[in-house]
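Okay, handing you the structure first.
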Amino acid sequence: MKRGYGYWNQEVKLCNYSFTRSILYINDKEFFINNSGQDIIRSFNGERTFNEVIKCLKQKYDENEEKITQYVIEYIDVLDREYGLRLIFSEQKTKKQCVEISTNGIYPKVASIEITERCNVRCLHCYGEHCVELTHDIPLEKMKKLLKDLKNIGTEVIEITGGDCSVHKNLYEILKYALTLHFKKINVLTNGLKIPEKVKEIIKQHGDIFYVQIDVHSLRNEYLEWFMQTKVNCQNILENIKELAEAGVPMRIATVFTERNINEVWDIAEFVNSCKVKWGISPVEPMGRADVKIADKDIYLSEESSLRLIEEMEKINRKYPNLIFKRDEKTTSNENNCGILTDHVVINARGYVKLCTMDNMNYFRSSIGNALEKNIKEIYDDNKVFTKALAMQETVQLDQEECKDCEYKYSCAKCILRTLINIKKKNFTCEWYKKHLSNVLKKFCYQMV
């Protein structure tokens, strides 16, 4: 590393909008970075040498100098390669501090809105137990106000989901209005059985804004009718996918694997690849309709099938390296925090703010507020202590001593919601709970049903 006082070759702005994450602005482009990244960027302010920066970071993080130095060098290289941000060294001190953009609270950058609790199928794995008999939809005018409230607090990505959003009579009008607010992305999540023509057209016309996720759990009607508990035509789903894909709409196909569709892994992979879209896979989570006490046992993969799935996915990944969806690591705020309620808010069809997508509102006695009755900014401002505790809370890690022999460790790993649920299952005897959970969240645990 060169001698002298280091500073950046471009004006850098940092907005520290949560307790674990900042936005880095370079030439009006935004990049999400975590705490260590912002510390490195702030440290090179034209008044410190490289060695002085290392000394400051060593003291702050209580790490050995060699490890800190290696991390800083690697991060500087990433900033150069990914963002065009390079260090300049001067023999004289030159004050070049980052521009700090402040915000007064934690507000989510992503919002998932369950515009209806109704669904045209009854999937065996559904965490929300959605079905056609449920009644609540968000009315169009209330939905417009909610979208505007979210835009006003800086939300950038909207997910329109359900139930299944396709059964909402005003889905087209909702998407049309969302476009006028200029969100960076509007995601539409659906099972793909019946997408209204007007909805497909507006999505195709604005493929630079929309991102669509459609479920493909099988290519066989027989399996889908078992899994979705409804008579369905698989071809409807596949044709909707092909139509949107051919129009260049960015898409992700979601597949949940069970004992009964594990043999289709390659067939589904080949179909998704032929459409030139992304593929996201997952096992069934034991929540909602998939609760182990009531669920059909075939929805869970056996240990043998789980290992087989891993092996097959490795082969698929080698054959089609860009097929499987991976989250952009540069947008991760904190690798040990899942972003529950702080980075990402979920609002159900009755307006209640949920902890996360998988929260079916049966695990807790309360929500932090109702976004159809109260401005979402006020809800977050009234719950600053709670949202701060969530933002600062690190998730369970598989290598933690307290968890090594626990039957729930894989369920808890990197998920605060499942951790809180499992703590209750263990009747608050969990050693991780005693040692690592903040007092604010311990109090919240006692509100569980």
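FYI, it's all coordinate maths here, none of it is from the lab. Note that the structure is predicted; figures quoted are calculated from it, not measured. Glycine gets a Cβ as well: all are built from the backbone with ideal geometry, and neighbour counts include every protein chain shown.
Which value, in debye to the nearest 20, describes the size of the charge dipole of the range 393-448 about its Cα centre when Lys and Arg Cβ atoms bear +1, Asp and Glu Cβ atoms bear -1, and nothing else is charged?
300 debye
Roughly what angle does helix 140-152 make with the longest principal axis of the chain, taking Cα atoms, 0 to 90 degrees, to the nearest 10?
20 degrees
Another question, if that's okay. Taking only DSSP H segments of four or more residues, each worth -39500 (n - 2.57), what value at 222 nm results for the chain once the sum is divided by all its residues, to the nearest 500 deg cm²/dmol?
Rounded to the nearest 500, the figure is -10500 deg cm²/dmol.
Using each residue's phi in the range 338-344, evaluate 6.51 cos²θ - 1.76 cosθ + 1.60 at θ = phi - 60° and report the 3J(HN,Hα) Karplus result to the nearest Hz, with x for Gly and Pro.
So the Karplus estimates, Gly and Pro as x, are 7, x, 3, 6, 9, 7, 9 Hz.
Next up: Enter the angle in degrees (range 0 to 90, nearest 10) between the Cα long axis of helix 416-425 and the first principal axis of the Cα atoms of the chain, meaning the one along which they spread out most.
Result, in degrees: 70.
Let me ask something additional. Let me spell out the model: positive unit charges on the Cβ of Lys and Arg, negative unit charges on the Cβ of Asp and Glu, origin at the Cα centre of the chain. What dipole size does that give, in debye rounded to 20?
Value, rounded to 20: 1140 debye.
So, by mean Cβ neighbours within 10 angstrom, what's the order for 340-352, 288-300 with the highest one leading?
340-352, 288-300
Karplus couplings for the range 274-289 from phi (6.51 cos²θ - 1.76 cosθ + 1.60, θ = phi - 60°), rounded to Hz, Gly and Pro as x?
5, 8, 6, 10, 8, 10, x, 10, 7, x, 7, 8, x, 9, x, 5
To continue, here is another question. Assuming a ≥ b ≥ c are the square roots of the Cα gyration tensor eigenvalues, decide whether the range 5-101 counts as rounded (a/c under 1.5), prolate (otherwise, with a/b larger than b/c) or oblate.
oblate
Further question: Would you work out which of Val345, Tyr320, Leu398 lies farthest towards the positive end of the dipole of the range 309-440? Charges go on Cβ: Lys and Arg +1, Asp and Glu -1.
Going by the Cα projections, it comes out as Val345.
Name the shape class, rounded, prolate or oblate, that the alpha-carbon gyration tensor gives for the range 355-419, where a ≥ b ≥ c are the square roots of its eigenvalues, rounded holds for a/c under 1.5, and otherwise prolate holds if a/b is larger than b/c and oblate otherwise.
Here the range 355-419 falls in the prolate category.
Non-local amide H neighbours of Asn337 (under 5 Å, H modeled in plane, Pro and chain starts lacking H): which ones?
Here Thr395 satisfy the definition.
Using a ≥ b ≥ c from the Cα gyration tensor of the range 116-252 (square roots of the eigenvalues), is it rounded, prolate or oblate, where a/c under 1.5 gives rounded and otherwise the larger of a/b and b/c decides, a/b for prolate? Before the final figure, lay out each step's value.
Values: a/c = 2.20, a/b = 1.38, b/c = 1.59.
It is oblate, given that a/c is not under 1.5 and a/b is not larger than b/c.
Here's another thing I want to ask about it. Treating the angle as unsigned and between 0 and 90°, give the value, to the nearest 10°, between the Cα long axis of helix 65-83 and the longest Cα principal axis of the chain.
The answer is roughly 60 degrees.
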